[in-house]
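The values are calculated or read from the model by the stated rules, or taken from the named source; none is laboratory data. What you see is a predicted model; the values in this text were computed from it and never measured. Here the Cβ positions follow ideal geometry from the backbone for every residue, glycine too, while neighbour counts run over all protein chains shown.
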Amino acid sequence: MSAGRDPATGSGRSLSEIFRRLIASTGPISLAHYMAEANARYYGDADPLGAGGDFVTAPEISQMFGELIGLWLADMWIRAGRQEPVYYVELGPGRGTLARDALRAMKRYGLEPKVHFVEGSTALKQLQLEAVPEAQFHPDLANVPFEGPILLVANEFLDALPVRQLIRIAEGWREVMVTVDGERFVGVPGARPMDAALPEARRGEPEGTLIETSPAQAAILYEVAGRLVEQGGAALFIDYGHAAPRTGSTFQAVRRHKKVDPFKSPGGADLTAHVDFAMLAQVAQSRDARWLGTVTQGEWLRALGIEGRAEALSDYAPQHREALHSSMHRLVDADQMGELFKVMGLAAPGWPDGVGF
């Protein structure tokens with residue numbers, strides 16, 4: 001393949017060109033394949049976070065977010081018996097901001113875990129090391145130690161994992177595939193019957209129904225739940241998504257804080273889909289992990305005392321009162337992040353219930 005620079009990503013080879021040649025040679029590719037390759041290119045190239053990037057995550061909005069997560073984990077660990085060694089594990093830790101704030105809060109209660117980050121982006125690893133110099137890095141969970149409980153956090157991690165879309169057409173269920181139509185990529189129903197990929201109870205949905213599934217997300221939950229059962233510990237998964245089953249496409253792209261066409265410039269925007277927390281809770285429970293519940297981010301943060309924390313910080317630094325309360329409202333209000341974002345808690349058998357669930 002010829003080299004050349006992708007104007008969207010600055011990479012040495014255009015992912016659009018790669019996809020076009022692949023489709024011309026072998027036929028349409030799955031949406032999951034398209035999303036996986038595009039996000040691997042996107043996250044591998046640069047830091048996408050912050051006002052100067054493509055999107056802003058909750059830890060970058062306010063220190064209160066990470067602090068409350070740290071306090072929740074410390075509370076779980078203390079009530080479970082303060083077992084050592086203990087590990088703080090974060091999947092996709094962004095710039096390390098959440099971990100830095102959470103670890104600072106944990107330390108006040110005597111919890112100083114060893115830190116393990118699961119991260120694939122070279123650009124972000126450098127920022128994470130600056131925030132948390134003691135962190136150890138892994139490409140996946142396989143090399144995270146197996147002795148001692150894990151306290152795991154995944155904030156806006158699952159939504160970027162590839163999804164499979166299944167659509168009901170007159171002939172039955174088909175997987176949505178990506179092909180080329182003129183100058184652009186488009187999604188079309190595939191040729192192969194996919195009825196067997198759906199639970200029998202859902203196969204009778206009417207024509208035109210689209211269902212999203214994510215084997216990649218399920219695999220992560222399966223592994224995390226197994227580690228909790230074997231080692232002890234607790235986990236928080238925080239993302240935008242739904243707590244009850246739903247239908248319809250949620251596949252989208254964000255660039256420069258705006259939604260853009262997900263089929264334009266693959267690798268140049270953040271591709272995501274809403275997380276199906278109902279399905280993931282079932283996966284975790286299938287391994288005998290405790291599902292503590294799934295609630296809205298606004299409910300959870302309020303239950304943990306974010307309003308009191310904002311007031312205390314305002315009293316300490318009154319010149320920042322307006323900014324602190326503005327940040328808090330962005331995290332908890334229903335028309336901001338409070339309703340769309342969900343928090344799912346898991347724990348090992350024998351570990352206590354978690355505050356906020």
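Screening the range 105-127 for residues that are closer than 18 Å to Ala80 by Cβ and in contact with a Pro (Cβ under 9 Å, 6 or more places away or on another chain) and picking the one that is surrounded by the most Cβ atoms within 10 Å (Cβ to Cβ) gives Met106. The set of residues in the range 267-279 being in contact with a strand residue (DSSP E or B) (Cβ under 7 Å, 6 or more places away or on another chain) and either under 16 Å from Arg184 (Cα atoms) or at pLDDT below 90 (or both) consists of Gly268, Ala269.
Name the residue, out of Ala154, Ala99, that is in a strand (DSSP E or B), within 16 Å of the chain's Cα centre (by Cα) and aliphatic (A, V, I, L, M). Show your work before the answer.
On the way: Ala99 fails: in a strand (DSSP E or B).
Selected residue: Ala154, the only one of Ala154, Ala99 that is in a strand (DSSP E or B), within 16 Å of the chain's Cα centre (by Cα) and aliphatic (A, V, I, L, M).
Going by the conditions given, is Leu161 of a type in the set (A, V, I, L, M, F, W, C) and closer than 30 Å to Arg104 by Cα? Yes. Whether a residue is at pLDDT below 95 and closer than 27 Å to Pro352 by Cβ was assessed, and Pro149 does not pass this test. Pairs meeting the criteria (first residue in the range 182-195 and touching a residue at least 12 places away in the same chain (Cβ under 8 Å) and farther than 19 Å from Ala253 by Cα, second residue outside any strand (DSSP E or B) and not hydrophobic (A, V, I, L, M, F, W, C), beta carbons under 6 Å, at least 6 apart or on different chains) are Asp195/Arg203. Taken together, the residues in the range 108-127 that are over 15 Å from Leu73 (Cβ atoms) and modelled with pLDDT of 95 or more amount to 2. Residues in the range 272-324 that are buried (at least 18 other Cβ atoms within 10 Å of the Cβ) and assigned to a loop (DSSP other than H, G, I, E, B): Ala273, His274, Ala289, Leu304. None of Arg100, Arg104, Arg82 is at positive phi, among the basic types (Lys, Arg) and at pLDDT 95 or above except Arg82. Residue selection: Ala102 satisfies the criterion of being more than 30 Å from Pro266 (Cα to Cα), aliphatic (A, V, I, L, M) and surrounded by 21 or more Cβ atoms within 10 Å (Cβ to Cβ).
Looking across the range 184-242, the residues that are under 25 Å from the mean Cα position of the chain (by Cα), of a type in the set (D, E, K, R) and part of a helix (DSSP H, G or I) come down to Glu223, Arg227, Glu230. The set of residues in the range 102-127 being within 25 Å of Tyr42 (Cβ to Cβ), of a type in the set (Gly, Ala, Ser) and in a helix (DSSP H, G or I) consists of Ala123 alone. Could you tell me whether any residue of the range 236-247 is farther than 20 Å from Gly94 by Cβ, acidic (Asp, Glu) and touching a residue at least 40 places away in the same chain (Cβ under 8 Å)? No, the conditions are met nowhere in the range 236-247. Do you know which of the residues in the range 128-150 that are assigned to a helix (DSSP H, G or I) and under 19 Å from the mean Cα position of the chain (by Cα) is surrounded by the most Cβ atoms within 10 Å (Cβ to Cβ)? Of everything passing the filter in the range 128-150, Gln128 is surrounded by the most Cβ atoms within 10 Å (Cβ to Cβ).
Within the range 71-96, take every residue that is part of a loop (DSSP other than H, G, I, E, B) and over 19 Å from the mean Cα position of the chain (by Cα) and give me the one that is surrounded by the most Cβ atoms within 10 Å (Cβ to Cβ).
By that ranking, first place goes to Val86.
Take Ala284 and tell me if it is of a type in the set (A, V, I, L, M, F, W, C) and within 22 Å of Pro352 (Cβ to Cβ). Yes: the conditions hold for Ala284.
Within the range 243-265, does at least one residue satisfy the condition of being in a helix (DSSP H, G or I) and not charged (D, E, K, R)?
Step one: of the range 243-265, the residues in a helix (DSSP H, G or I) are none.
No, that holds for no residue.
How about the range 185-211: which of its residues are of a type outside the set (Phe, Trp, Tyr) and either closer than 27 Å to Pro349 by Cβ or touching a helix residue (DSSP H, G or I) at 6+ places or on another chain (Cβ under 9 Å) (or both)? If the condition is that a residue be of a type outside the set (Phe, Trp, Tyr) and either closer than 27 Å to Pro349 by Cβ or touching a helix residue (DSSP H, G or I) at 6+ places or on another chain (Cβ under 9 Å) (or both), then Gly187, Pro199, Arg203, Thr209, Ile211 are the ones that fit.
Residues in the range 299-320 that are over 19 Å from Asp353 (Cα atoms) and of a type outside the set (A, V, I, L, M): Glu307, Gly308, Arg309, Glu311, Ser314, Asp315, Tyr316, Pro318, Gln319, His320.
Within the range 262-316, being of a type in the set (A, V, I, L, M, F, W, C) and more than 20 Å from Phe157 (Cβ to Cβ) holds for Phe263, Ala303, Leu304, Ile306, Ala310, Ala312, Leu313.
Within the range 212-234, if we keep just the residues that are polar (S, T, N, Q) and in contact with a helix residue (DSSP H, G or I) (Cβ under 8 Å, 6 or more places away or on another chain), the residue that is surrounded by the fewest Cβ atoms within 10 Å (Cβ to Cβ) turns out to be Thr213.
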